[in-house]
Amino acid sequence: MGKNKNIKIGREVNPNSSRQPKHSKDPESYFDKSPSWCFSKCDFEYTKWSIDNIDFSAEILPKLISFERRKWSDIVDDDKHNHWISINDFSKEAQKRAAELPQLGDELFSLRLTSTLRLFGFIENGVYYIIWVDKDHEVCPSKQRHT
């Protein structure tokens with residue numbers, strides 16, 4: 001008969017090893033990428049801020065194309081126009097709607113398209129998931145005058 005063989009599956013982990021994984025997940029690793037867009041999370045049911053409530057090809061598409069020429073690091077660094085906003089800072093109406101959407105976290109990223117037009121969504125692996133289109137600072141009222 002054959003010998004008993006001890007078969008090892010996988011590798012033993014040596015906690016004292018100085019080796020590091022080749023690929024570690026860095027939440028900011030998308031900063032060097034150009035943005036891409038995803039529409040599968042759009043809030044089509046809430047028509048007030050739905051992407052269906054705007055002329056997409058005229059008002060949004062050209063802006064998204066222009067953002068694709070930049071890197072996320074440039075977009076995020078322009079924090080005067082593009083920034084994360086806590087849902088607690090949203091209007092009461094937006095806070096109520098956000099509570100009904102399970103995919104949302106504690107904040108959304110506001111992407112400025114014009115002086116009053118904003119997209120609200122979240123970034124995951126360099127992809128911007130668009131949730132709402134805000135045409136007049138209704139999701140997060142501006143504290144600045146004449147905006």
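A few points about this structure:
- If you go through the range 102-114 and keep only what is within 15 Å of the chain's Cα centre (by Cα) and touching a residue at least 40 places away in the same chain (Cβ under 8 Å), you end up with Q103, L111.
- Annotation note: Cβ proximity below 7 Å between a residue of the range 130-147 that is over 26 Å from E45 (Cβ atoms) and at pLDDT below 70 and a residue that is part of a loop (DSSP other than H, G, I, E, B) and of a type outside the set (F, W, Y) (sequence gap 6+ or interchain) occurs for T147/S115; T147/T116; T147/H137.
- Hits in the range 24-75 - residues which are outside any loop (DSSP other than H, G, I, E, B), touching a residue at least 12 places away in the same chain (Cβ under 8 Å) and surrounded by fewer than 11 Cβ atoms within 10 Å (Cβ to Cβ): D32
- Residue tally, condition hydrophobic (A, V, I, L, M, F, W, C) and farther than 15 Å from V127 by Cβ, over the range 60-97: 8
- Considering the conditions (1) in a strand (DSSP E or B); (2) closer than 21 Å to S73 by Cα, W132 is excluded by exactly one of them, (2).
- The range 115-125 - residue that is within 17 Å of A58 (Cβ to Cβ) and either at pLDDT 95 or above or assigned to a strand (DSSP E or B) (or both) and, of those, farthest from the chain's Cα centre (by Cα): L117
- Among the residues listed as K33, K92, K25, K80, the single one being modelled with pLDDT of 95 or more and out of contact with any strand residue (DSSP E or B) (no Cβ under 7 Å at 6 or more places or on another chain): K92
- Residue satisfying all of: in the range 78-114; β-branched (V, I, T) and outside any loop (DSSP other than H, G, I, E, B); nearest to D43 (Cα to Cα) among these: I87
- Residues located in the range 47-70, provided they are in contact with a helix residue (DSSP H, G or I) (Cβ under 9 Å, 6 or more places away or on another chain) and aliphatic (A, V, I, L, M): I51, I54, I60
- The set of residues in the range 71-115 that are out of contact with any helix residue (DSSP H, G or I) (no Cβ under 6 Å at 6 or more places or on another chain) and among the aliphatic types (A, V, I, L, M) comprises I75, V76, I85, A94, A99, L101, L108, L111.
The values are calculated or read from the model by the stated rules, or taken from the named source; none is laboratory data. Everything numeric here is computed off the predicted structure, so don't read it as measured data. As a convention, Cβ positions derive from the backbone with ideal geometry for all residues, glycine included, and neighbour counts pool all protein chains shown.
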